[in-house]
1. Kindly provide the set of residues from the range 128-171 that are surrounded by 13 or more Cβ atoms within 10 Å (Cβ to Cβ), small (Gly, Ala, Ser) and over 20 Å from Ala55 (Cβ atoms), ordered by number.
2. Given the criteria touching a helix residue (DSSP H, G or I) at 6+ places or on another chain (Cβ under 9 Å) and at pLDDT below 60, does Ala69 qualify?
3. Exactly one of these conditions fails for Ala58: (1) of a type in the set (A, V, I, L, M, F, W, C); (2) surrounded by 11 or more Cβ atoms within 10 Å (Cβ to Cβ); (3) modelled with pLDDT under 70. Give me its number.
4. Identify, from the list Gly82, Gly136, the residue that is in the same structural domain as Leu165 (by TED's automatic domain parsing) and modelled with pLDDT under 85.
Amino acid sequence: MKKGKPMPAIEVRAHLELRPVKLDNPGFSRDHAEDKLGNLRIIDGVVNIRESGIATLAAKGGLNMAQVAAADRFRQLWETMGGAGAGAIDYTREHVDGGPAREPITERQTVAGKEINRARILIGKHGFELVTMIAGQRLSLHELYTTRRERDTAADMLRVYLTQLAGMWGFGGRVG
């Protein structure tokens, strides 16, 4: 590089769009009275609405609180399962000295797998694939669909599937 010319700046903000929001205070205690000095139920916060398709839709008012709660629950279950699901244990494979032993499937993964299966049965193959890509894998509608019509249709269908999951998991009363 020639002397005198500054190096070009690298743009790292491609997936960053911050927006102020009201959030539940994780430090809130019901044991103490709510006050303005420290024990607030709701606090101001900032979220990156480009973190996932769910965050983007929620920030723009496209999802209600119950739908967001259902998407978060699905994502947690999906991640507990290891993303694509827990791998099967191959009991015929010999353990080699010095190599890591395969971890058995935990009780938590078993419960998550049963919940994921309940979701799959409730919303069907198409719904499960859409919710998995958007909520589980955190893809955006723009990454999956090229036309505005496809994105709008997918967003409408995602709302339907998340509403069904919210009802199954008892988030139906949390609208807003």
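1. Within the range 128-171, just Gly167 meets the criteria.
2. Considered against the rule, which asks whether it is touching a helix residue (DSSP H, G or I) at 6+ places or on another chain (Cβ under 9 Å) and at pLDDT below 60, Ala69 comes out as no.
3. The single condition Ala58 does not satisfy is (3).
4. On the way: Gly136 fails: modelled with pLDDT under 85.
Of Gly82, Gly136, the one residue that is in the same structural domain as Leu165 (by TED's automatic domain parsing) and modelled with pLDDT under 85 is Gly82.
The values are calculated or read from the model by the stated rules, or taken from the named source; none is laboratory data. Everything numeric in this text was worked out from a predicted model, so none of it was measured. Here Cβ is always computed from backbone atoms with ideal geometry, including for glycine, and neighbour counts include all displayed protein chains.
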